[in-house]
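Below is one structure, written out as structure tokens, with a few remarks after it.
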Amino acid sequence: MSGSKSPQSNGISRKKRHSDRPRSFATKLIHFEGAIDEATGASSVPLYQASTFHHADIEQPQTYDYSRSGNPTRQPLEDYIAALEGGVRGFAFASGMAAISSAFMLLSAGDHVICTEDVYGGTYRLLTTVMNRMNVETTFVDMTDLDRVRQALKPNTKAIYMETPSNPTLKITDISAVTAWAKEHGLLTLLDNTFMTPYHQRPIELGVDIVLHSATKFLGGHSDVLAGLAVAANESLARRLGHIQNSMGNVLGIQDSWLLMRGMKTLKARMDAHEQSARKLADWLASRSDIAAVYYPGLPNHPGRAIHERQSAGYGAVVSFDVGSGERAKRLMNKVTIPLVAVSLGAVESILSYPPLMSHASMPKEVRAERGITDGLLRYSVGLEDIGDIIDDLEQALAD
Ligand SMILES: Cc1ncc(COP(=O)(O)O)c(C=O)c1O
């Protein structure tokens, strides 16, 4: 499937550019292929609410035949994320987990995966309770230490799965170091870029083969759409992933594709504002003596800060912190008045999560403890509210 095509173009198209200067990310977010409808000039991609397409000439292949295989509303979204990540082809799925599980379908029975140890809980569940039944085994390692990654290599290792910053303790993996090593061993590299988005981090430029997103988070940005995206770095992977998407059928619906594009247009403005507040929140938490630990890659004492700054243009909007005990964390969650107390992150509204009972509930308690997901750990996804109000609210909630 090539780029989006309008079936009855009336010739309305973009003016030709007279400059070869690459456009900046901010401009790419607004002016993408398909952003103006060629048939009517409409300022957003039309909703082609159709499952199937008439064959005008049965002998002639046509761009779209059935919406599982391709849809003219979903296609501009898939082209959009591919352009933002710098890959060759994008794929839109029904959720982040649909994208991640589809990427793992590139593996076969008998293969081995090396995965970052503090991976999103749902990915951990997929690898330890589903992929294991397909005879795909996983070794979880602390990816802040490249030696551990090297030691995990087995004759049947086929892939490395990264998440950086990781969820929820915001550990940093050196992406280029891992991809360089992986290439020496012919391994496929996958990276969950949900926390950073392509605005801050473009893993394909650092050698990653497949970038994955829970677009439910910052890309969508409004807690109103569940979606996943994948981008392939080269044509042969793109062909294989396209085959899997069509075979599994876990594609993103038409209305949700439209909603996601609507959200993505404001990604830069939202990320800038989110991050400005997140930095203030992290500094404020770090200055308090009653907070046992603060995890944020922008803090001067974050052990991965230098590596993070080499590979990312920002620190993001997720701040995790340990209030010392499970009782105190639960008291705080009952007292806050600004954030949603909920699973998820990356939205206009602040979201406070309790990883031990929410995103990482599927991880056994002892595994959580090993990975720093303590009973007092909270994860704050800083929204677009006034930061003074966010801090006031937390201050009253922390008062015992
Ligand atoms: C880092 C990360 N990856 C993947 C997922 C899964 O995405 P979804 O909930 O859209 O299936 C999440 C969800 O919280 C996440 O935080």
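Some notes on this structure:
- Fewest-first ordering of 114, 338 by other beta carbons within 10 Å of each residue's beta carbon gives 338, 114.
- Helical mean residue ellipticity (222 nm; -39500 (n - 2.57) per DSSP H run of 4+; nearest 500) of the chain: -9500 deg cm²/dmol
- Shape category assigned to the stretch 128-266 from the gyration tensor of Cα positions, a/c cut at 1.5: prolate
- In this Cβ point-charge picture (+1 for Lys and Arg, -1 for Asp and Glu), the chain has a dipole of about 620 debye about its Cα centre.
- Theoretical gain in end-to-end length, residue 57 to residue 135 [0.36 nm per residue, Cα-Cα removed]: 23.5 nm
- Candidates 226, 106, 252: whichever shows maximal mean-square fluctuation once the chain is modelled as a Gaussian network with Cα springs under 10 Å: 106
- You can think of it this way: the chain between residue 369 and residue 36 has 114.9 nm of extra reach, that is 0.36 nm per residue less the Cα-Cα gap.
- Ranked 25, 140, criterion: other C-beta atoms within 10 Å, fewest first: 25, 140
- All alpha carbon pair distances within the stretch 69-153 were sorted into 10 Å bins beginning at 0; the resulting P(r) in whole percents reads 15, 37, 32, 15, 1.
- The chain - share of DSSP beta bridges that are antiparallel (%, nearest 5): 55
- Distance distribution P(r), the chain, all Cα-Cα pairs, bin width 10 angstrom from 0: 5, 23, 31, 24, 13, 4, 1, 0 percent.
- Prolate/oblate/rounded call for the stretch 20-67, Cα gyration tensor, a/c under 1.5 rounded: prolate
- Estimated D of the stretch 207-303 in µm² per second, where Rh is the Kirkwood radius over Cα pairs and Stokes-Einstein applies at 37 °C, 0.692 mPa s: 201
- Length released on extending from residue 68 to residue 357, taking residue separation times 0.36 nm less the Cα-Cα span: 100.5 nm
- Which listed pairs, of 171/330; 16/265; 183/265; 280/365, have C-alpha distances above 26 Å, in listed order: 183/265; 280/365
- In terms of its alpha-carbon gyration tensor, the stretch 22-135 comes out oblate; a/c meets the 1.5 threshold, while b/c is at least as large as a/b.
- Here the label points at residue 224 and residue 325, each 7 Å from Cα along the C-beta direction, are separated by 4.2 nm in the simple model.
- Each residue in 243, 18 was given a count of other beta-carbon atoms within 10 angstrom of its own, and listing them fewest first yields 18, 243.
- Stokes-Einstein diffusion coefficient of the stretch 243-344, Kirkwood radius over Cα pairs, 4 °C, 1.567 mPa s, in µm²/s: 77
- Cα-based Rg and Dmax for the stretch 130-200, where Dmax is the largest Cα-Cα distance (Å): 12.6, 37
Quick note: the coordinates plus some simple rules give every number you see, no bench work behind them. Worth saying up front: this structure is predicted, and the values here are computed from it rather than measured. A quick note on method: Cβ atoms are made from the backbone with ideal geometry, for glycine too, and the neighbour counts reach across all protein chains shown.
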